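Nothing in this text is a laboratory measurement; each read-out follows from the coordinates by a stated rule. Please read these numbers as outputs of a predicted model, since none were measured by experiment. Virtual Cβ from ideal backbone geometry, glycine too; neighbours counted across all protein chains shown.
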Amino acid sequence: MKAIGATMVASSFSCSEKSNDIPASIVGASVAIGHKLRFDKIPEPTLIEEIDTIIVGGGVAGLSAARYLHKKGNHHFKVLELENSAGGNSAYGSNNISAYPWGAHYLPIPNPENSEDLFDFLKEANIVTSFNSKGLPVYNDYYLCFDPEERLFINGYWQDGIIPNFGLSEKERKEIKDFMLLMEDFRRRKGMDGKYAFTIPVDFSSQDSEFTALDKISMAEYLKQKGFTSSHLYWYADYCCRDDYGTNVNNTSAWAGIHYFAARKGEAANASQGTVLTWPEGNGFLVKKLSEKLKDKVISNQLVYSVKIENGKVLVDYLDSQTHKTHRYIGSNCIMATPQFIANRLLDRSHETISQSTFSYAPWMVANITIKEFKDRKGAPLSWDNVFYDSKSLGYVNANHQNENTFHDKRVITYYLPLTDGDPVAERKKLYDTDALYWRNHIINDLSQIHPEIAKSIENIDIWRWGHGMVRPIPGFIWSDERKNARQSIEEKIFFAHSDLSGISIFEEAFYQGTRAAKELLNKS
Amino acid sequence: MQFFLLLSVFVVATCGLIYELIAGTLASYLLGDSVTQFSTIIGVYLFSMGIGSFFSKYFKKNLLAWFIQLEIMVGLIGGTSSTILFLLFEEVESFRFLLYMLVSLTGILVGLEIPLLMRILKNKLEFEDLVSKIFTYDYIGALLASLIFPLVLVPYMGLIKTSFFFGILNVVVATVLCIKFEKEVKWASVLKTQSIAVIILLLAGFVYSEKIMAFTESLSYPDKVIYAKSSPYQRIVLTKNSKELRLFLNGNLQFSSFDEYRYHEALVHPGMQGLQEHNDVLVLGGGDGLAVRELLKYNTIKTITLVDLDGAITSLFKNNHMLLDLNKGSLLDKKVKVINADAFKWLKENSPRQFDFIIIDFPDPSNYSIGKLYTDTFYRLIYRALKENGAAVIQSTSPFVAPLSYWCIDTTIQSVGFKTLPYHAFVPSFGDWGYILAVKGTQYSIPDNFISNLRFLNHETFQQMLIFPKDMEKKKTEINKLNNQAIVHYFEKEWSEYLH
């Protein structure tokens, strides 16, 4: 018996040691290079080249602008990307188990109105395969999220779907139902101007003050005003705000909060409303499709450090972070497909009177975890999106979910944590001050709440720190003049394209802003 | 001294016969044909005892120490034999060799025991007395063993525990002798250490065997588990009783040798007999080779491709002789190509190859992973993999127990452009079981005649199989898609209601 006792002690030791053995590392976003913009003096450029158009930034907005220019026969342009591959917050990675997302990871089936360009793209990418006799899009079956889509761990059980239900009182269930009905009503409402109260792109939403007034208060205040008290409803609203905006329910404008529920009106021949399109690499798939024809146009590892107009030409100075040489493009036009805090720095207009303080960005930590088969609690089986009620994280997404294989002995799960506790500046500093081990322990502790022995199954954790993950639709921002004015071109030579100009960071908005900027550029000439 | 030595004769005799019975029983469980197995095991065992007796003359000194040493060895080998045989059964090729080697080894060691004992006791007893006492205890031991083995041990302890138990008994005798005659035994301390180590090992085996075999497996199956293995994909268990062999995957019955011919004839022949051409046939799932066995009744078939996920299954059905008897060695036929791959992925990536007939024999859609194999997306791949006038047949769960699930498969198959012919057959092990024939093109006609070497199907039977009584009538259902997995929801609901 002694021998058995000793073995048991030894195995419990090895268990906790096991989690210390799990390799964890930080990958991704070139923070150090990016920060050169703030601190370093960079030498004058030595190599000079002329070109029609320079696109600064290879995220979804920049690539969408590039796609549109290319489609319209304008081939004399380059996209300068800071990172070693394009994609912005739709970045993706892969290992021998699966491809996986580093950020945005799905696209809800788009709204029929104001989305002609988007549908063109979806057809090019074979995401929409045809239209049925009623004109409804038929989506590629492999890209519609497979069932089971979502589950929530609540009160010790995995329930189907993420709207809290299991173990709730009748009163709370009714409140949640009432709230959903209210949102459903908003989904159909139109303003005095005949436009939908909430739609995508945000630009096409009604400007009726009945609705835009909601931008002045927070989502939490809105719930309170409506007399809701259910803590589970607040949790759900908070979850949705953090999920789409990286901002909690107290700091998200009610207009944006309602937009999450009410803006989507997409229909399909072969899917129900609210269905999402997704891929193992998340929106990295869309990035690949956007840049399919742009292979020699996108130049990565390029740090643009100055954009200015001289003698009617746009001068774009950039540093090749591999060769450490500086270059200059002299172009007729430039599209700034960067967030506004970068654009301002590059254009050196921080001194200007236009206040841009309303643009703020949410820090995120995203981890991709390679994992063997692990024990699961009772209830709904492993789904695409797996959320747990008692966690600051958004749970995890199963990257292998869209794989047609019936069997997986290993998978990659993507764990999302928006840092919403404090002021984003402080949270961002905290994010950069912490290392891989800190986050590894955080993730394991958090996941252990629902999967107690998960440490034994984890093989590797990769961590990506997004300092400025997405624009925050704080109260007052979406319908502010600052947001509206930020897209004004400079002398019809420098155009602006980024999802932050929409106030919410989703694929459709980035695609729209990029395409819009490309159209403005083409229209002037 | 006399008493202890005679007592040990009794124990040794009991243990010896028990090992022999265990080997015989295991061999008939695992290899079938109990008459042959028992005769050959007993023969080999007795012959080995003879070899042991012959060699006993070469032991000149320290007889008591040698006797104790033998006891420890017999205990170790006999005690672990059934576990070793169970665990190594999957190494099928060398299994018989291993079995007879263990039996011989035990036989030789047991054969050494009695002659040595007689020589140890020869100066203490008259010769007449010696022979009479030793053989009396020996035969009483044998009687006891042969009675308690079938009546008590097998039913209450199971084979693995029994063998550990008697192994321990054997070694305990050695230990007692060792302690009792410490002064007369050379290397007493070495032997004591050995015997304690072996007792600990066997005790551990005794405790864990209970846990692993008896509780998790045997108790959950009505019959004896004769094979159990976890492949990377599933738990494979074979059970056997006097008249049937059954295969379970993850606890779900796949077939019983008693009536599987009904299931497989109904699966294969209605499609085969109604098609104009059947040169190239694809089987998805069906790694047991039983559908292939039916296919091989047609000499006109040129190629059969079988795609099954689990290499452990196809290899088991290529090697185990009981299973080879059942599938007639179908997977070894030169027309047959076995591929271990995920059917969905394989079909998606092997687009240029087309087949006349595709047999789809997957497990029931009881979870989301398997549910994918019943989706319109999957059936589109099937459509693409069929020649212009080809057909596919799909095993489709029970239309009686799970009518929504069954008709959901029908609706889904039709939604991708197939015409369907639903039919069902009574398979006692499963119940009223459903199939759907998916027809591409116009050349298929409902067969009037069936080949003669079938046990179940003929013209009249098939006519009946096409009739769906009122309680199994076609129901309106959703189309099963990757993004709704409607069938998994139907299936869960219908089968859980039926089983509770």
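In table form, for the structure just shown:
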read-out	value
Ordering of B:388-395, A:114-121 by packing [mean C-beta count within 10 Å, highest first]	B:388-395, A:114-121
Magnitude of the charge dipole, region B:259-499, Cβ model with Lys/Arg +1 and Asp/Glu -1, debye to 20	700 debye
Charge tally in the Cβ shell below 10 Å around A:SER505, where Lys, Arg are +1 and Asp, Glu are -1, A:SER505 excluded	-2
Theoretical FRET efficiency, 1/(1+(r/R0)^6), r = Cβ-Cβ of A:ASP390 and A:VAL425, R0 30 Å, to 0.05	0.60
Per-peptide average of other Cβ atoms within 10 Å, ordering A:84-97, B:140-153 highest first	A:84-97, B:140-153
Net charge over other residues, Cβ less than 15 angstrom from the Cβ of A:THR229 (K, R count +1; D, E count -1)	0
Loop-resident sites, region A:298-399, for GluC sites (Glu not before Pro), counting at most 14 other Cβ within 10 Å (DSSP)	A:GLU352, A:GLU373
Cα lying deepest toward the dipole's positive end in the protein assembly as shown, options A:SER360, B:ILE148, A:LEU437, charges on Cβ	B:ILE148
Mean separation of Cα contacts under 8 Å, 6 or more apart, over the residue count of region B:222-299: relative contact order %	17 percent
Chain A, dipole about Cα centre (Lys/Arg Cβ +1, Asp/Glu Cβ -1), debye to the nearest 20	120 debye
Estimated dipole of region B:2-215 in Debye, rounded to 20 [Cβ of Lys and Arg +1, of Asp and Glu -1, Cα centre]	720 debye
Across A:LYS295/A:LYS484; A:LYS71/A:LYS519; A:LYS410/A:LYS456, pairs whose alpha-carbon gap is larger than 23 Å	A:LYS295/A:LYS484
Options A:HIS327, A:LEU303, A:ALA263, ranked by Cα towards positive dipole end of chain A, top entry (Cβ charges)	A:HIS327
Within 10 Å of each Cβ in A:142-150, the average number of Cβ atoms from other chains	5
Peptide B:368-376, shielding by other chains (average Cβ, 10 Å cutoff)	4
Karplus-derived 3J(HN,Hα), 6.51/-1.76/1.60, for each residue of region B:95-105, Hz, glycine and proline x	5, 4, 4, 4, 4, 5, 5, 5, 4, 4, 4
Listed residue (A:LEU152, A:PHE211, A:THR46) projecting farthest to the positive dipole end of chain A, Cβ model	A:THR46
Too-long pairs where the Cα-Cα distance tops 27 Å, listed order kept, from B:LYS440/B:LYS474; A:LYS123/B:LYS476; A:LYS72/A:LYS123; A:LYS190/A:LYS224; B:LYS328/B:LYS470	A:LYS123/B:LYS476; B:LYS328/B:LYS470
Burial order of peptide ranges A:375-384, A:390-399 (average beta-carbon count within 10 Å, highest first)	A:390-399, A:375-384
Amide H contacts under 5 Å for A:VAL27, placed H, 5+ residues apart	A:ILE463, A:TRP464, A:ARG465
Inter-chain Cβ neighbour average for residues B:475-482, partner chain, 10 Å	2
Note, ³J(HN,Hα) from phi for region A:284-290, Karplus 6.51, -1.76, 1.60, rounded to Hz, x at Gly and Pro	x, 4, 5, 4, 4, 5, 4
Helix-only mean residue ellipticity at 222 nm for the protein assembly as shown, each DSSP H run of n ≥ 4 adding -39500 (n - 2.57), per residue, nearest 500	-13500 deg cm²/dmol
Local electrostatic count at B:ASP138 - Lys and Arg +1, Asp and Glu -1, tallied over other residues with Cβ under 14 Å	-1
